[in-house]
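Comments concern the structure below.
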Amino acid sequence: MGKIFYYLKKAKSMPPDALCAKIANKILNLTKNKIQKLRDISGDTRIKFNVSPVRISYINLCELDVSNINLDVARYLSKMYLEHKFDLLGSGWVKNSYDSAALGLEGYKYDMNAATPASALEGYEPIDWQKDFKSGFRWSEKKWYKDQRIAHKPGSDIKVPWELARFQHLPQLAIFAMADPSLKEQNLKEFKNQILDFISNNPPRIGVNWTCTMDVGIRVANMLAAYDMLCQIDEGRILDADFKQTFSNSVYEHALHIVNNLEYSPHLTSNHYLSDIAGLLFACAYLDGGGETDAWLAFAVQEIISEMKKEFYEDGGNFESSTSYHRLSGELMAYSTALILGLKSEKISSLQNYDAKLWRKKPKLLPPDEQEFKILNGQIALPQWFVDRLYKIGRFTADIIKPNGEVPQFGDNDSGRFFKFSPNGEFLSNEQAAQKYLNLSGFEGGNEPFWDENILNHSALISCMGGIFDDEIFKNGFCFERSFIRSLAGRKLQAIDKTYKSQVASGVKFSELPYRKSVEFKITSSQEIKNIFYPDSGIFIFKSSKFYLALCATPLGQNGHGGHTHNDKLGYELWIEGRDIARDPGTYLYTPLPGRRNEFRSIRAHNAPIVEDLEQNSWGEGIAGLFGMLAECRCFVTDFGENFISLAAEYKGIKIMRKFEIKEDRLVVTDTANREFYYSKFELYSNGYGKLTKNV
């Protein structure tokens, strides 16, 4: 009943014509799906022709700076990838093969190993692309892609095979080979074998790795980035003509799949759709031109610009109300912008002459003379508002970073990235890793070290912006990302509007609230502390080299859908002189354990005042309820100054005000409410998807 009530409430919030259109579209899609499924299951889903082999290169190796790549890490990760060991979404460094044993997830463990398929690849052991190697659950490699159930069994996580099949480790193989030439031959062979392994065992529209178009888009972009770099160092022609043809056909199949499976809705597009478009952009930039692919390319450029306006506020923050999804979408925007700027002359020419009628999907492809981008002197000119907002995306990340280099975890964190070029983390022993992370209980990795990735360090995104803009705030030690972006774009952009949004809207102040509590934190001095406000994003920062305070008053997110929002309004992260005093607990998991998902996004997991365990925003039951909330809480600023700010939240008859005041030697947090309230101490903490530790 709860699920039905949730859908009914959502339906009532939609205009009647929009609701009718959605129902009609659903019926039409069901009919089309039945026809397509019959065709796919009964025959070969691969294209029946050869596309022109990919010959275009957008990456100038001479411009790439690998000086920040630690050679010990490069050799370690290359070794792991060659042994098919991956640490993804809290798995620990474990081997993924058809006969590998799983550690299990909170007591859920499955033995669903299958026979290893025959392989023509000499000395190569195939990867099991359909398996969640955390729980051992395995999706069917014979099922149609739309029939794959996301939440199948307790503990099973479809994100694990999806994450592996994003191929984000393949560009690293290329980067490591450039940093250490002794790795070149083995990494080239491994790239070739993994690509052929995937293509052989994942035909289009069959199996789990075509279910989510977002992952298809990220995968093809990573395939192409790795291919571009590796082809240039392949003196021994390991990547022969037959491989290049097979690879190029697959790139086209990825592009075709994206076109036919866009995660688009006229009511809401998000990071999924943006990933679709970014992947399509990369595929079309590398594929030979023609009527069809020219229209696809024009559509991708059009939609990158359109999504900037939809998904990023004027202050630069992302509309998902999540600092981690801001990084993902920011990377998608930065790399896509760089590629658009660096498109080859024949591609730029096609953007002036494409036939818009060849695009038959929604949304509509505009004709060349109606596009927001222009062609000036043989180069693409992006709208100035787009350039300014891209700059502010980078500045937002630079501003919210703590002195320890990490970001606050407001909203969801699924560890999502577009590219993962520079390794970022530290070496632990396997014993230390098992002691640190509760999810690795029982993990035995032998005597080799354990590379622990730092998911919360977003320096790579800042470095990306340094490849597009000349600004001191974007300079850091991550040299590769900056050089890669610079190589793609071939030129810099100039932001004109760099101003912060000066207007911070203040809501109506509550009358005297009878219930009151306060807490104080000692600080050394308040003299160097400055405030940085992001009113659209609902994040307010006070920081210095020894003090950091981030306050959460984020909107529900996704235009009121709340797919990646937590009940964290009035919550805060506090860091003083090298110590985390208060921090958001993170996310941990999505669909494998719905109870955990709801636990981590509940108000009880956050350091906000709680009244009778009432949630700020309610959610529905079932899978749909895991990625949406009902808009029930209003959060706003009531007053602010140089050294203080007062925030308020109102929901379900509850009124709460929280004032943060920085005095000479202390921070004072004062809460008042119209009903009795209490605070909860949440014992768990997740610094990345699937990772679980004890809270401070």
What is the list of residues in region 174-203 whose amide nitrogen lies under 18 Å from a point 7 angstrom out from the Cα of Glu63, following Cα to Cβ? 175
Taking a virtual spin label 7 Å from the Cα of Lys694 along the C-beta vector, which residues in region 403-438 bring their backbone nitrogen under 13 Å of it? 435-438
On C-alpha positions alone, give me the angle between the axis of helix 384-400 and the longest principal axis of the chain, in degrees, nearest 10. 60 degrees
Within 10 Å, count the other beta carbons around each residue, average over each peptide in 301-313, 54-66, and list them highest first. 301-313, 54-66
Taking 45 Å as R0, compute the FRET efficiency from the Cβ-Cβ separation of Ser429 and Lys244 and round it to 0.05. 0.60
Please state the shape class of region 515-694: rounded when a/c is under 1.5, otherwise prolate if a/b exceeds b/c and oblate if not, all from the C-alpha gyration tensor. prolate
Put a dot 7 Å past each Cα toward the Cβ at Phe510 and Glu621; how far apart are the dots in nm? 3.2 nm
Extended-chain gain in nm, criterion 0.36 nm per residue less alpha-carbon gap, Glu372 and Ser544: 57.9 nm
Over the chain, calculate the relative contact order: mean separation of alpha carbon pairs under 8 Å at least 6 apart, over the residue count, as a percent. 13 percent
For Lys32 paired with Gln503, estimate the spin-label separation in nm (one decimal), with each label point 7 Å from Cα along the Cα-to-Cβ line. 4.1 nm
Rounded if a/c under 1.5, otherwise prolate or oblate - region 294-385, Cα gyration tensor axes: prolate
FRET efficiency estimate (nearest 0.05) - Cβ-Cβ, Ser182 to Ser119, R0 25 angstrom: 0.40
Relative to the first principal axis of the alpha-carbon coordinates of the chain, what is the inclination of helix 241-260, with its axis defined by its Cα atoms, in degrees from 0 to 90 and to the nearest 10? 50 degrees
Roughly how many nanometres apart are two label points built 7 Å out from the Cα toward the Cβ at Lys344 and Glu235? 2.6 nm
Global form of the chain, assessed from the alpha-carbon gyration tensor, a/c cut-off 1.5: rounded
Listing His257, His272, His326 from the residue with the fewest other Cβ atoms within 10 Å to the one with the most, what is the order? His272, His257, His326
Enter the Cα centre distance for the pair region 187-245 and region 575-632, rounded to the nearest angstrom. 38 Å
Mind pulling the angle between the C-alpha long axis of helix 271-286 and the longest principal axis of the chain? Nearest 10 degrees, somewhere in 0 to 90. 30 degrees
Residue list for region 132-160, given a label point 7 angstrom along the Cα-to-Cβ vector of Ile41 and an amide N cut-off under 18 Å: 139-150
Per-pair calculated FRET efficiency, R0 = 30 Å: Ser200 and Lys109 via Cβ, rounded to 0.05: 0.60
Could you line up Ser250, Ser91, Ser67, Ser646 from fewest to most neighbouring Cβ atoms inside 10 Å? Ser67, Ser646, Ser250, Ser91
Can you sort Glu599, Glu163 from fewest to most other Cβ atoms within 10 Å of each residue's own Cβ? Glu599, Glu163
Mean separation of Cα pairs under 8 Å and 6+ residues apart, divided by the residue count of region 515-694: what relative contact order is that in percent? 25 percent
Any chance you could run the full-extension gain for Leu684 through Ser525? It's 0.36 nm times the residue separation minus the Cα-Cα distance, nm to one decimal. 54.1 nm
Given the peptides 350-358, 515-523, 398-406, 533-541, arrange them by the average over their residues of other C-beta atoms within 10 Å, most packed first. 533-541, 398-406, 350-358, 515-523
Rounded to the nearest 500, what is the chain's calculated 222 nm mean residue ellipticity when only DSSP H runs of at least 4 contribute -39500 (n - 2.57) each, over all residues? -11000 deg cm²/dmol
Relative contact order (%) - region 413-478, alpha-carbon pairs under 8 angstrom, separation at least six: 30 percent
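Just so you know, all these numbers are worked out from the coordinates, no wet-lab data involved. Because the structure is predicted, anything quoted here is derived from the model rather than measured. Here the Cβ is made from the backbone with ideal geometry for all residues, glycine too, and neighbour counts use every protein chain on show.
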